[in-house]
1. Keeping to segment 200-257, report how many residues are among the small types (Gly, Ala, Ser), over 17 Å from residue 275 (Cβ atoms) and outside any helix (DSSP H, G or I).
2. Taking the residues in segment 192-228 that are among the acidic types (Asp, Glu) and buried (at least 20 other Cβ atoms within 10 Å of the Cβ) as candidates, determine which candidate is nearest to residue 178 (Cα to Cα).
3. Mind counting the residues in segment 567-596 that are of a type outside the set (D, E, K, R) and touching a Pro at 6+ places or on another chain (Cβ under 6 Å)?
4. Of 517, 513, 500, 570, which residue is farther than 25 Å from residue 618 by Cβ and basic (Lys, Arg)?
5. Being loosely packed, with under 15 Cβ neighbours inside 10 Å and in contact with a Gly (Cβ under 8 Å, 6 or more places away or on another chain) narrows it down to one residue among 101, 6, 43; which is it?
6. Which of the numbered conditions does residue 393 fail, given that it passes all the others? Conditions: (1) surrounded by 13 or more Cβ atoms within 10 Å (Cβ to Cβ); (2) aliphatic (A, V, I, L, M); (3) without any contact (Cβ under 8 Å) to a residue 40 or more places away in the chain.
7. Sort out which residues of segment 47-81 are more than 23 Å from residue 145 (Cβ to Cβ), outside any loop (DSSP other than H, G, I, E, B) and in contact with a strand residue (DSSP E or B) (Cβ under 8 Å, 6 or more places away or on another chain), and write them in order of number.
8. Condition (residue is touching a residue at least 60 places away in the same chain (Cβ under 8 Å), of a type in the set (Ser, Thr, Tyr), within 21 Å of residue 639 (Cα to Cα) and assigned by TED's automatic domain parsing to the domain that holds residue 498) applied to segment 532-555: is it met by at least one residue?
Amino acid sequence: MDMEQESEWNTSQNISISENLLAAAKRQLQFLETVDRNRWLYEGQALQWAIYRYNACWLPLLAKHSESQIIEGPLVVPLDCEWVWHCHRLNPVRYKSDCEELYGMILDNRNVVSSVQKISKTETEELWNKLYPSEPYEFDTTRAFSIEFSESIYKTQSFSKYDFTLAVERQSPFFYQVSRPHVKSDLFLEEAVARYKGFLHLIRRNRERSIKQFSVPTYDVDLIWHTHQLHPVSYCKDLTKLLGKILEHDDTDQNRGKGQKLDTGFSETTKQWEETFGSRYWRAGAMYRGTAPFPVTTTPCIPAITTSKSDFTSGFERLIDGPKTSYVEVLLEFVGIKNLPESLKGNVNVLFSKAQPDGIFNVKRKLTIQSESDHKQVAVFQCQPSGYLLFELVSRSTKAKTIASCYISMEEFFGSIYKLSVEKWLDLVPSSGTVSSEPISLRVAASCTLPIPAPCVVQMIQTSRLTTRSCFSPLRGMVRFAKSWTCIIDAAGDEIIRLKMREFKTTKIIDGKSVTKEIYGLTKEGETLVFGQFIGQEWSLLDSLWSLKPENDSNNKDSTLMLTGPHMVKLITGRKLDYEPKRVDKQTNERTFMTAVEFTADHPYGKAAALIDLKSGVVTLQEDWFALAGIVSAFIASKHFHK
């Protein structure tokens, strides 16, 4: 960043915003998460009723409240009305014109709170019931799903002609893009607010220079932009002061194909940002994630389970009490290079890796240098937030011959002060060992997310195939569980436990129960434990803490095992939810995978708890509480699917 670029950035940070966008963004994320737990608000009859209630009840009530405060406390907006209101406000020009046409003023969110904030709604509900005795304050889901919505319900009332259904359809996918844990952090949101101001500054510069450009935000910027728009009076005032007009929020373009408006606009915005501010526009954890995974169910499932930590912290859990690790997402690019010999210009790439493989990022990958190739290329990968990233300059004409190398420490990000981005020149050390008076320098730009817990990865291997400190790699063919022990090893190749299944020739009566099969294990300490018993038509696992049995659901085309206990988990055939492949892979048989999906009140449509690879025996566990139950279930699942 040269002096002029620094001046531009400082100017952008002086842009005045009337709202605390960081705090408001956190509230928006909480609200969007709640809406996503109530997906009936995304489409169909329920959405049509919500749109009606918003127009017929909420907006008139808000208008009365805006003219003069009609209750002592804040208005608490019903969830369904708030969702439609949310989508309406994200078209700020249309929202302003609709409000002024119907109510003579912009209806603001001052002294209005979301129902998800857990503030008493008694006053609002009493007022609502007085004004609308035939329309309950709380959304009537029974009516919504049983009575067909008809346009005649609107009668002769004057409502906005805005297409709310399409507006909701456009906004529904947004939460998936901003739903990862790092987005909620203060550090990420602080930088997002700063970058939003930078984004507005670019639009201001374009307006000053009469440049017509479709500016496209990254998702961190877009989150803050949405947050600003949800305060309509402040947004109109702030943007009119800055640009002389209200800034449109055009979300109608969804086509991300090459050469389309979104693609071209994003490329132009990237170029303008990097030329204006001298820093990178693309940011780890803020880029497009692809479309949301296909849901495993369209019907919410909330089990009647009250989970307490003591319920599942049994003596068995100590067996899987390994070291905890974390990981970050890194977005890396090589911007430029200096003092490169003429003979190498246009003929080099950079290999990057962890100096010491960390169990998450264990490979070498290659990137071009932007100044040498004249096009932007980035790499996104995950690694542990420790150690060093190694960069090796290699010639394209010789096979992976290293010309020079340099390092960057992960402490650049996670030292005494956390930083989410670093951009600097690094001097390369020649492989020959001879250092020039003008060493080759590489401009490295990297950004990363904050650390989050890494999944626990284990592998099931037959002891007949197991060598001392076996390397942790997929095996050829299916892992078979016949007469030999099955050894469970961790990512370092260390043994955790051994499991074996035995079938009784005659039914055994154990503790008064008829048992036909049994799973027992051998711990590292030589202790023999019973992990499961097959009683009747189901498995009783871990001292009857869990029950595993096939799910009888004729509507489900995927084979499913139901695991119930302290949590409710379904083991569903294929890679689902977070594990859904982003690209079509015709070479991989989805029936060799099972996804463990947990259902709770917070995740009624399911949350991925583990992935079981039945071919390699690898089990990826996202949750500590599921570690041993997941391993034993994976062991049984392999038997279940390979009879």
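The values are calculated or read from the model by the stated rules, or taken from the named source; none is laboratory data. Because the structure is predicted, anything quoted here is derived from the model rather than measured. Positions of Cβ are generated from backbone atoms using ideal geometry, with glycine treated the same way; all protein chains shown enter the neighbour counts.
1. 3
2. From segment 192-228, those among the acidic types (Asp, Glu) are 208, 220, 222; that's our starting set.
Checking which are buried (at least 20 other Cβ atoms within 10 Å of the Cβ) leaves us with 220, 222.
Working: 220: 8, 222: 10 Å.
Within segment 192-228, the match that is nearest to residue 178 (Cα to Cα) is 220.
3. Residues that pass the stated criteria total 2.
4. Working: 517 fails: farther than 25 Å from residue 618 by Cβ; 500 fails: farther than 25 Å from residue 618 by Cβ; 570 fails: farther than 25 Å from residue 618 by Cβ.
Only one candidate qualifies: 513.
5. On the way: 101 fails: in contact with a Gly (Cβ under 8 Å, 6 or more places away or on another chain); 43 fails: in contact with a Gly (Cβ under 8 Å, 6 or more places away or on another chain).
Only one candidate passes the filter, namely 6.
6. Just one mismatch for residue 393, condition (3).
7. Matches in segment 47-81: 61, 62, 65, 75, 76.
8. no
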